[in-house]
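The values are calculated or read from the model by the stated rules, or taken from the named source; none is laboratory data. Fair warning: this is a prediction, and the values are worked out from it, not measured in the lab. Backbone-built Cβ (ideal geometry, glycine too); neighbour counts: all protein chains shown.
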């Protein structure tokens, strides 16, 4: 399990999990303060932190298509 989460190829996954944690923390803070600002900030951070994972998934999806053309 240690190698799975801490390998360099898993950095986008770790960033995504950090963003998900921020969303949950923002939701908790929204409930405690009654303000929507913590949730909005955490959601936008989560969205930005999920971009590397999405980019990696798109690259993986395009690799087989590129090899089939050859």
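So which of 41, 5 ends up being in contact with a helix residue (DSSP H, G or I) (Cβ under 7 Å, 6 or more places away or on another chain) and at pLDDT below 95?
Of the residues listed, the single one that is in contact with a helix residue (DSSP H, G or I) (Cβ under 7 Å, 6 or more places away or on another chain) and at pLDDT below 95 is 5.
Of the numbered conditions (1) touching a residue at least 12 places away in the same chain (Cβ under 8 Å); (2) in a loop (DSSP other than H, G, I, E, B), residue 35 satisfies every one except a single condition; which is it?
Looking at each condition in turn, residue 35 falls short on (1).
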